[in-house]
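Data first, discussion second: the structure below is written as structure tokens.
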Amino acid sequence: QFWRGDQGKSGELAQRLHGSSDIFEPSNRRPNASVNFITTHDGFTLLDTVSYERRHNEANGEGNRDGHAHNYSRNYGVEGPTDDPAINSLRRRQRLNMLATLLFSQGTPLLLAGDEFGNSQDGNNNAYAQDNETGWLDWSALEEDPDFFAQVCKLLKLRHENHLLRLNDYVHGTLELRDRTIDIHWLNSDGDSKQSEEWAGSRAFTVLIEESAPGGNHDAVAIVINGRDEDAELKLPLFGATTEWRIAFASCADDSAAISGPELSLPALSIALLEPS
């Protein structure tokens, strides 16, 4: 809902990035209890989520009444496939935005098979009865856009390699552990701590997760989100006494995200992961 442009969803998105502590922590469950997913076997595939606004289940033989109607999807101007390069580019970026959000969130990610290369069910969101091309995985999409699959692999690799994206405990501000301290900061586009009144309308912000250990050892990761319809300049977060960051991943095309001085320029509807340089 956040990525398709619904208003007032920034706070809820932050809760999901945090591993849904509002749901699991009261019962003393840890972040890995939160099974996070964008799509699953029921409902639209990821490609269909950015291509259809209505279910197209006529082939199921139930008068298009089966399957849920609340798809939280957007077609960006055309229902279904299109040859419009601008729409296809936006749909592609939105798919990466959602997969990056999934894989940068604390908790346990669930990835629907086929979303990593763009499988479609032609708008059918309840394909239980379709033991045919509708319900089968269309592997040809791997050949049509191999770079998309490579970017998903990169997201998985980043999650695997960066333990700060896979914390075992919920962090609220500062968490003191036996051998280290972990801090989490929610920052607005000016680099200041977000205030409660900012969450309702804020669509550009940074999540900084910072770890310090005895001996001056530091590590950090920053998730930068621009859910606006226009480009954004976001102040780089302070990491220790420096702001030296590199862009490890960005969902926008053609390396259009750039660090210049103390700021990150992030195109509209994009997400980036920063690591210390």
Checking Gly77 against (1) open to solvent by 60 Å² or more (accessible area, probe 1.4 Å); (2) in contact (Cβ under 8 Å) with a residue 24 or more places away in the chain, the condition it does not meet: (2)
Cβ-Cβ under 6 Å pairs, at least 6 apart or on other chains, segment 253-277 side under 26 Å from Asn88 (Cα atoms), far side part of a strand (DSSP E or B) and aromatic (Phe, Trp, Tyr): Leu273/Phe249
Answer residue from segment 119-152, given it is part of a helix (DSSP H, G or I) and either free of Cβ contacts under 8 Å to residues at least 12 places away in the same chain or of a type in the set (S, T, N, Q) (or both) and is farthest from Ala33 (Cα to Cα) among those: Glu143
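In segment 44-61, what count of residues is obtained for those that are open to solvent by less than 70 Å² (accessible area, probe 1.4 Å), part of a loop (DSSP other than H, G, I, E, B) and over 19 Å from Ala268 (Cβ atoms)?
Initially, segment 44-61 is screened for residues open to solvent by less than 70 Å² (accessible area, probe 1.4 Å), giving 44-52, 55-57, 60-61.
With the extra rule that they be part of a loop (DSSP other than H, G, I, E, B), the set shrinks to 44-45, 50-52, 55-57, 61.
Filter once more, so that each one left must be over 19 Å from Ala268 (Cβ atoms): 44-45, 51-52, 55-57, 61.
Adding up the residues that qualify gives 8.
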Filter pass, Gly227 being of a type outside the set (Ser, Thr, Tyr) and surrounded by 20 or more Cβ atoms within 10 Å (Cβ to Cβ): yes
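Just a yes or no: is a residue in segment 153-162 crowded, with 20+ Cβ neighbours inside 10 Å and either touching a residue at least 60 places away in the same chain (Cβ under 8 Å) or under 30 Å from Gly63 (Cα atoms) (or both)? Give the derivation first.
Filtering segment 153-162 down to residues crowded, with 20+ Cβ neighbours inside 10 Å leaves 155.
Imposing the further condition that a residue be either touching a residue at least 60 places away in the same chain (Cβ under 8 Å) or under 30 Å from Gly63 (Cα atoms) (or both) reduces the set to 155.
Yes; the residues of segment 153-162 include at least one that is crowded, with 20+ Cβ neighbours inside 10 Å and either touching a residue at least 60 places away in the same chain (Cβ under 8 Å) or under 30 Å from Gly63 (Cα atoms) (or both).
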Residue within segment 89-102 that is open to solvent by 60 Å² or more (accessible area, probe 1.4 Å), in contact with a Phe, Trp or Tyr (Cβ under 9 Å, 6 or more places away or on another chain) and of a type in the set (D, E, K, R) present: no
Residues (touching an Asp or Glu at 6+ places or on another chain (Cβ under 7 Å) and under 18 Å from Asp190 (Cα atoms)) located in segment 246-265: Glu263, Ser265
Matching residues in segment 80-118 - criterion: being part of a helix (DSSP H, G or I) and either free of Cβ contacts under 8 Å to residues at least 60 places away in the same chain or more than 25 Å from Leu167 (Cβ to Cβ) (or both): Pro85, Ala86, Ile87, Asn88, Ser89, Leu90, Arg91, Arg92, Arg93, Gln94, Arg95
Selection from segment 21-69 of residues that are acidic (Asp, Glu) and either free of Cβ contacts under 8 Å to residues at least 12 places away in the same chain or farther than 21 Å from Glu79 by Cα (or both): Asp22, Glu25, Glu58, Glu62
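The values are calculated or read from the model by the stated rules, or taken from the named source; none is laboratory data. It should be emphasised that the depicted structure is a prediction, and the values quoted were computed from it without experimental measurement. Positions of Cβ are generated from backbone atoms using ideal geometry, with glycine treated the same way; all protein chains shown enter the neighbour counts. Surface areas here come from the heavy atoms of the whole protein model, side chains and all, with no ligands, DNA or RNA. Shrake-Rupley method; radii C 1.70, N 1.55, O 1.52, S 1.80 Å.
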